[in-house]
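Asker: To start, I am sharing the structure in question, which I have written as structure tokens.
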Protein chains: 2
Amino acid sequence: MPHWTALVAEKKQRQLESIPQEWIVTPPPDSTLDVTEFPETCGLLNAREIEITNTSVQVLLEKLARAEWTAVDVTTAFSKRAIIAHQLVHCLTEIFVDRALARAAELDDHLKKTGKVVGPLHGLPISLKDQLCIKGLETTIGYASLIGQYADKNAVLVDVLIECGAVPFVRTNVPQTLAWPESFNYVFGRTTNPYNRSLTSGGSSGGEGALIALKGSPLGVGSDLGGSIRIPSAFCGLYGLKPSYGRVPYSGTRGTLEGQDSLVPVLGPMTNSVVGVKAFMKAVVNAKPWLKDPLVVRKKWDEDEYNLADHGFGKDLCFAIMWDNGVVVPHPPIRRALEITKAALQKAGHKVVDWKPIKHRELGDITASNIFYTMQRGIMNAASAEEFMITTSVTGEPLITTMELDDADTAVATFRPQNDGLTVYQLWQVQKLRQNIRMEYLDHWEATVSETGTGRPVDAIICPAAPFVATPHGKNRSVYVDYTIVWNALDYPAAVFPVTTVDSTLDGKAPPHGFYDDFDKDIYEMYDPEKFKNAPVCLQLVGRTLEEEAVIRMTEIVDAAVAAAK
Amino acid sequence: MPHWTALVAEKKQRQLESIPQEWIVTPPPDSTLDVTEFPETCGLLNAREIEITNTSVQVLLEKLARAEWTAVDVTTAFSKRAIIAHQLVHCLTEIFVDRALARAAELDDHLKKTGKVVGPLHGLPISLKDQLCIKGLETTIGYASLIGQYADKNAVLVDVLIECGAVPFVRTNVPQTLAWPESFNYVFGRTTNPYNRSLTSGGSSGGEGALIALKGSPLGVGSDLGGSIRIPSAFCGLYGLKPSYGRVPYSGTRGTLEGQDSLVPVLGPMTNSVVGVKAFMKAVVNAKPWLKDPLVVRKKWDEDEYNLADHGFGKDLCFAIMWDNGVVVPHPPIRRALEITKAALQKAGHKVVDWKPIKHRELGDITASNIFYTMQRGIMNAASAEEFMITTSVTGEPLITTMELDDADTAVATFRPQNDGLTVYQLWQVQKLRQNIRMEYLDHWEATVSETGTGRPVDAIICPAAPFVATPHGKNRSVYVDYTIVWNALDYPAAVFPVTTVDSTLDGKAPPHGFYDDFDKDIYEMYDPEKFKNAPVCLQLVGRTLEEEAVIRMTEIVDAAVAAAK
């Protein structure tokens, strides 16, 4: 094998060559933190391209189906804007605009000849996290060591999306190993947050987050094992859904910790509207993905469940707000978003109670997202060190040990993960503990029937997606993902939705509270309204296992209530 | 802890005391092999009790719902017959007739007062494998070491069944560790086959198999991790269903290899008719068990799927017969049952093609059911040795190393499992390989669309449940479960149904075939029609993941075709 630095140099050159030269722009200096206006002001996009890229998924699909806009026009517009975005925030990995335009032309041709769309996502450009294999392309998942390995077939979801008429056109950045909630690696560099480039866009689907926030893609696919869809969605002001296990086909992707089939990753949509989330999920589920992926649950899209048949048809919902998880107290902007949402829901006639979290700290320990920093003896780190070593040792690639700006970009660390992992027997005991807590949590949720007054248990939980908004680079360490990973551990579907942005007047530093521990204190001390300037503030809505339809509908209801209350 | 022998002596005494003394009979001598006639001729059951215990589940439920028979009468009749059965074949573990009769009386009272049944299984006595915890009772799963551990709550399925109106009344025998396809342990001894007591009733749900074959229970619950419902069903001439993962609630049971959540056990029904299987599954699924067990799939009973909406509404089905699995060639009676079934289906107007098995040997190796005999490095034995040691060492209980008659009954072995298990990283690689084969098998099944002529892939596979009928004791070693465990590895639902019984005229020894290996040769050499005299011959019908409704309907169709062709 060549040395990893040689692989990276060659790959970077190829990436550069995959960018159409006429779409090169002069980005603002690094000192310009908010770059969200740049795509529309830089002069590369014409008025129609700006209009197209500002259009919601639902309207795009309607216009495409009526041939009001061609798939080629829409794909071109988003491709241009994606390339602009990339020059601002380094969000792309594989760029295959030619391939996408060829597919778009086929779709236009089909519609012209038959008068019919190919499928429910006809002509919609879709970006994909650098994990969804596409025949003939590399999938490095942030490892220099995987450069040069070309997929011989598509991931199942890629096939399903293409059958639905979608047009994959770019893939997006991730951290090395996929196991960080930020997005930096030696191959493609660091993705930054378009609202404030001194902040991270999150991870591991951080390229998607940044790209979609800049409207360089109408909808992207991320993956989520501990928050990797929800954290970048929340940090970039998007809507995102982490479905339950087995609802969206995952097979055929390139992942981390493959074969670890206890706490498994799921794929899901990230987009600018909740109707986009619905369009994606309905299309994918109705394509009968269980005939292509053995791990997909045979469960059709259920319109009754979408209409909240199990939730009194949505007439008097009862939401439970989790103000903090008993591990870390959220920063002021998050608290304010929860208050805004509570007031909006009450104004809309819904009931709101408090959610009492149980065993969130234990769930965090069991999952052991914190694969680098501690001796946590949980599922994910049971053999992560061994896998990372095996993957990187072939090229001498160092494992990235920090995402801090000063250190990481130039680091050629000699770090190797220190934890010894677990024996299989120990792993089984941890997994058994998790099963017991899942049982306990289910009983806990069912027992809320006594406090709702609706005759039903709480319909959904509303909670932070993280204790903070997008952090400065290097500060969103894996150890901080407890607000998301508990719902993976419990296998509850969870949607992220935007509420507001950081406002230094409204979001002043709070006086110190009684800290849970030093870690909680560290998080408290990190806050400074100026540092987090302009960052989007999002929340999570959490439902019951395999209740994606109801979670989407309830997110629509909350979203409309928040909008109406503004 | 007391020594295991002291625990066993005390427990045996308590079991004896739990048997109503007036129900003690004088069983025939051990030389009487076929004891199926004994319950009705021994004089303990009156004519009405014989009528009740010979009635199918469907008719029982109808008569109970109309109060034509009381729950007390029905429970009494089955309890008596169960106690008779136990004296013939040692099938019971916990006997709690008083508790059952008290519940039956409540049900009768409820029906009398309200005119309504408590649920869809109102008044139906149900036997349970010695794994389904019941509050206040011990659950030893065949370990002397677990004597004296009383459950503080019911397994979820027990609660669901009680809510449905069922009456649990006995629990049934299993092998020590649950990991053998026969049923012998130091606490409750050896369960034998009612059709020929020199043969095993199978395992690990072997107590259920023997009990139901003697009509000591109308319906029982077994569990299946590698064939433990299907092997005893097949060996005892019953109908049994191994559902897909997550269709029937498993939480709250006492299991083996707990926390191993890759290849997981499932609970399912064993009974005398396929309508009994349907009644059980429909009742359980419609009870919304996902609100009680976090691992249950949120999927209602689907009447469309039962009506074969995805299979052309059952008009021209195409079945595929797997004559052998490429590992072991089945014995002559099994071959004849396949031929009978093929002819019957063709006569009924269905199409029959051959099933080409792929990678069955690999799937057997991956699952590693063979936890004692080899160095197989698969999922189940990744840490089984450690678990077995930890469980038994507290009382000095030896691990049973053979189920042979002469050795095992008196053995106080010093054996300890020899295999070293796997590291977590190695386990993940094995699990990844399994995922890949699941994908390959799905594609393989989908590709059969080209040979069926129905426009659909093969609707169901029909295959042996084992390469032989019930074997002499000690001969059905774990290593022989490849015909069942592949469907666990693939998570395909599979139903067992009876076809015929061994007939020495029709089932003479076949000439030697080209053996796959020494193991195949061993199995060939084991066959002798006299040895397997009178044994039931059953087959398996295998469907697609989470397609229980369709598997039940297709089993009804095959069953009717076989009956019509007789």
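Asker: Rounded to the nearest 500, what is the 222 nm mean residue ellipticity of chain A from helices alone, with -39500 (n - 2.57) per DSSP H run of 4+ residues and division by all residues? Present the calculation step by step, with values, prior to reporting the outcome.
Answerer: Details: 20 runs with 212 residues, N = 566.
For chain A, the value works out to -11000 deg cm²/dmol.
Asker: Using θ = phi - 60° and the Karplus curve 6.51 cos²θ - 1.76 cosθ + 1.60, what whole-Hz ³J(HN,Hα) does each residue of segment A:305-322 get, with Gly and Pro shown as x?
Answerer: Taking θ as phi minus 60°, the curve returns 5, 4, 7, 6, 4, 8, 10, x, 6, x, 6, 9, 6, 10, 9, 10, 9, 9 Hz for segment A:305-322.
Asker: Can you flag which of A:299/B:242; A:12/A:282; B:129/B:521; B:215/B:531 are past 31 Å Cα-Cα?
Answerer: A:12/A:282; B:129/B:521
Asker: Between segment B:21-93 and segment B:224-255, how many Å separate their Cα centres?
Answerer: Value for the Cα centre distance between the two parts: 23 Å.
Asker: Tell me which residues come under 5 Å, amide H to amide H, from residue B:500 once H is placed; ignore anything under 5 positions away on its chain.
Answerer: For residue B:500, the qualifying residues are B:537.
Asker: Contact order normalised by length for segment A:418-556, with contacts defined as Cα pairs under 8 Å and 6 or more residues apart; what percent is it?
Answerer: Values: 144 pairs, mean separation 42.6, N = 139.
So the answer I get is 31 percent.
Asker: Just the number: Rg to Rh for segment A:89-190, Cα atoms, Kirkwood Rh, two decimals.
Answerer: Details: Rg = 15.1 Å, Rh = 14.4 Å.
Here Rg/Rh amounts to 1.04.
Asker: Rank these for me by crowding, A:538, A:463, going from fewest to most other beta carbons within 10 Å. Walk me through the numbers on the way to the answer.
Answerer: Working: A:538 29, A:463 25.
If I rank by nearby Cβ atoms, fewest first, I get A:463, A:538.
Asker: Ratio to report: Rg/Rh of chain A, with Cα atoms as the point set and Rh obtained by the Kirkwood method; give two decimals. List each step's numbers first, then the result.
Answerer: Numbers: Rg = 22.2 Å, Rh = 23.5 Å.
Taking Rh as the inverse mean 1/r over Cα pairs, Rg/Rh reads 0.94.
Asker: In segment A:1-98, which trypsin sites (Lys or Arg not before Pro) are in a loop and have at most 13 other Cβ atoms within 10 Å, using DSSP for the loop call? Spell out each step's value before the answer.
Answerer: On the way: sites: A:11, A:12, A:14, A:48, A:63, A:66, A:80, A:81; in loops: A:66.
Of the trypsin sites (Lys or Arg not before Pro), the ones in loops of segment A:1-98 whose Cβ has at most 13 other Cβ atoms within 10 Å are A:66.
Asker: Only sites in a loop by DSSP and with at most 12 other Cβ atoms within 10 Å count here; which trypsin sites (Lys or Arg not before Pro) in segment A:115-187 make the cut? Could you put the intermediate results ahead of the total?
Answerer: Working: sites: A:116, A:129, A:135, A:153, A:171; in loops: A:116, A:135, A:153.
Passing sites in segment A:115-187 are A:116, A:135, A:153.
Asker: Over segment B:107-148, what is the mean sequence separation of C-alpha contacts under 8 Å (at least six apart), divided by residue count, expressed as relative contact order in percent? Walk me through the intermediate numbers first.
Answerer: On the way: 26 pairs, mean separation 9.2, N = 42.
That works out to 22 percent.
Asker: Also: Can you pull out the GluC sites (Glu not before Pro) in segment B:475-566 that DSSP calls coil and that have at most 16 other Cβ atoms within 10 Å? Don't skip to the answer; put the middle values down first.
Answerer: Working: sites: B:525, B:530, B:547, B:548, B:549, B:556; in loops: B:530, B:547.
Loop-located and lightly packed - B:530.
Asker: Can you sort A:518, B:73, A:224 so the residue with the fewest Cβ neighbours within 10 Å comes first? Write down the numbers at each step before the final one.
Answerer: Values: A:518 8, B:73 18, A:224 28.
Ordered by Cβ neighbours within 10 Å, fewest first: A:518, B:73, A:224.
Asker: Another question about this same structure. In sequence order, what are the phi-derived ³J(HN,Hα) couplings for segment B:155-170 according to the Karplus relation 6.51 cos²θ - 1.76 cosθ + 1.60 with θ = phi - 60°, rounded to whole Hz, with x for glycine and proline?
Answerer: Working through the residues one at a time gives 4, 4, 4, 4, 4, 4, 5, 5, 4, 6, x, 6, 10, x, 9, 8 Hz.
Asker: What aspartates and glutamates sit close enough to residue A:432 to cross-link, taking a C-alpha to C-alpha distance under 12 Å and skipping anything fewer than 8 places away on the same chain?
Answerer: Partners within reach: B:258, B:261.
Asker: Once the label point is placed 7 Å from Cα along Cβ, list for residue A:304 the distances to the corresponding points in the other copies, in nm, shortest first.
Answerer: 1.1
Asker: Follow-up question, since we're still on this one. Sort out for me the Cα centre separation of segment B:520-566 from segment B:303-369, rounded to whole Å.
Answerer: 9
Asker: Taking neighbour counts of Cβ atoms within 10 Å as a proxy for exposure, in what order, fewest first, do B:523, A:50 appear?
Answerer: Working: B:523 22, A:50 16.
Ranking B:523, A:50 by Cβ neighbours within 10 Å, fewest first, gives A:50, B:523.
Asker: Still on this structure, please answer the following. Report the label-to-label distance for residue A:33 and residue A:62 in nanometres (one decimal), using points 7 Å from each Cα along the Cα→Cβ vector.
Answerer: Between residue A:33 and residue A:62, the label points sit 3.8 nm apart.
Bear in mind that the values in this text are calculations on the coordinates, not laboratory data. These numbers were taken from a predicted model, which means no experiment stands behind them. Neighbour counts are summed over all protein chains in view; Cβ atoms, including those assigned to glycine, are modelled from backbone coordinates with ideal geometry.
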